[in-house]
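Okay, so here's the structure we're looking at.
What follows is calculated from the coordinates using simple rules that are stated; it is not laboratory data. Remember, predicted model here, so these are calculated numbers, not experimental data. FYI the Cβ positions are ideal-geometry reconstructions off the backbone, even for glycines, and counts take in every protein chain you see.
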Amino acid sequence: MLDYLFVYGTLRKALDGSLHPYLNHAAEFIGNAGLPGKLYHIRDYPGAVLLAANSRPIVQGELYQLLRPRLLLQQLDDYEECGDHFPTPHEYQRRRVTVTLSDDTQAQAWAYIYQHSTLDLQEIHNGNYRRFLPKTHQNL
């Protein structure tokens, strides 16, 4: 079984086509994808909360095939501060989710899902974190 990763925030690729350093040599871009959920602006990064399958709204992001899944997922768990050595409760949990690509095919992928209350957070109603990203990551 192939390992895939769905990213929706600061791990998305930049305007120049470069990938976040964690993804550069350990993942291959597959395409744009969506996840049934809601997206929130936390501080300088987003958090996705899952909704039931086939629900709207949709969190927009990118799907990657992991070339070195064990190593990359360990690095990303540290980046997202949800590895075993971080204090609990973790802000994110890595979970397998179903994403839908732009051609309507579906894939199972790892995604980092926000675990805390969203009560006081700003919802990103279009599900796309691009408007909050630095200029280099906008308008792809």
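Before moving on, here are some points about what is shown:
- Highest average packing first - 69-76, 32-39, 88-95, Cβ atoms within 10 Å: 32-39, 69-76, 88-95
- The dipole here belongs to the range 1-68: it is taken about the Cα centre, uses +1 on the Cβ of Lys and Arg and -1 on the Cβ of Asp and Glu, and is about 220 debye.
- Taken about its Cα centre, the range 4-137 carries a charge dipole of about 220 debye when Lys and Arg each add +1 at the Cβ and Asp and Glu each add -1 at the Cβ.
- Inter-site label distance for ALA14 and ARG96 at 7 Å from Cα along Cβ, in nm: 3.4
- Measuring r between the beta carbons of LEU67 and ASP103 and using R0 = 30 Å, the FRET efficiency lands at 0.85.
- Contact order normalised by residue count of the range 4-137, Cα under 8 Å, 6+ apart, percent: 33
- Our estimate of slack between GLU81 and GLU28, defined as 0.36 nm per intervening residue step minus the Cα-Cα distance, is 16.8 nm.
- Average projected area [Cα convex hull, the chain], square nanometres: 8.5
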